[in-house]
1. Against the longest principal axis of the chain, how steep is helix 39-80, in degrees 0 to 90 to the nearest 10, with axes from Cα atoms?
2. Listed highest first by mean packing, meaning other Cβ atoms within 10 Å per residue, what order do 59-65, 72-78 come in?
3. GNM, the chain, Cα, under 10 Å: largest mean-square fluctuation among Ile69, Ile21, Ile52?
4. Once the other residues with Cβ under 15 Å from the Cβ of Thr24 are scored (Lys, Arg +1; Asp, Glu -1), what is the net sum?
5. Let's see if you can work this out: charge +1 on each Lys and Arg Cβ, -1 on each Asp and Glu Cβ, no other charges. What is the dipole magnitude of the chain about its Cα centre, in debye to the nearest 20?
6. Give me log10 I(q)/I(0) at q = 0.16, 0.20 Å⁻¹ for the chain, Debye formula, one equal scatterer per alpha-carbon, no solvent.
7. If the chain between Arg76 and Gln60 were fully stretched, how many nm would it gain, using 0.36 nm times the residue separation less the Cα-Cα distance?
8. Could you give the angle, 0 to 90 degrees to the nearest 10, between helix 2-33's Cα long axis and the longest principal axis of the Cα atoms of the chain?
Amino acid sequence: MLNVIIVSIVFGSIVALAALICGTVLIIVKSRSRNSSMGAANSEEAKTIQEIYQGLDKLQKRIESLETILADNTRRKDSNE
């Protein structure tokens with residue numbers, strides 16, 4: 001039962017990551033389609049996109065760590081049996 005919960009968390013995180021990436025792409029496309037006369041707004045949007053990207057990078061590292069922990073626990077459990 002615990003394995004099902006852990007796998008659900010990992011795959012749920014992957015789905016959330018994919019959704020955030022799609023959202024980021026949409027924000028980038030929208031910001032490029034606007035007029036370039038909105039310099040201050042574009043600068044603020046660029047900062048927001050950079051923050052989102054950095055957050056996504058951190059989230060990806062966390063997911064990789066969780067996958068490593070899950071794989072290690074599975075190997076330990078298999079070797080003990």
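Read-outs throughout are calculated quantities, based only on the coordinates presented, and are distinct from any laboratory measurement. Model, not experiment: these values are computed from the prediction. Because the Cβ atoms are built from the backbone with ideal geometry, glycine has one as well, and the counts that use them run over all protein chains shown.
1. Helix 39-80 sits at roughly 10 degrees to that axis.
2. 59-65, 72-78
3. Comparing Ile69, Ile21, Ile52 in a Gaussian network model of the chain, the most mobile one is Ile69.
4. Residues near Thr24 contribute +1 overall.
5. 220 debye
6. For the requested q values the scattering log ratios are -0.70, -0.89.
7. 3.3 nm
8. Once rounded, the angle reads 10 degrees.
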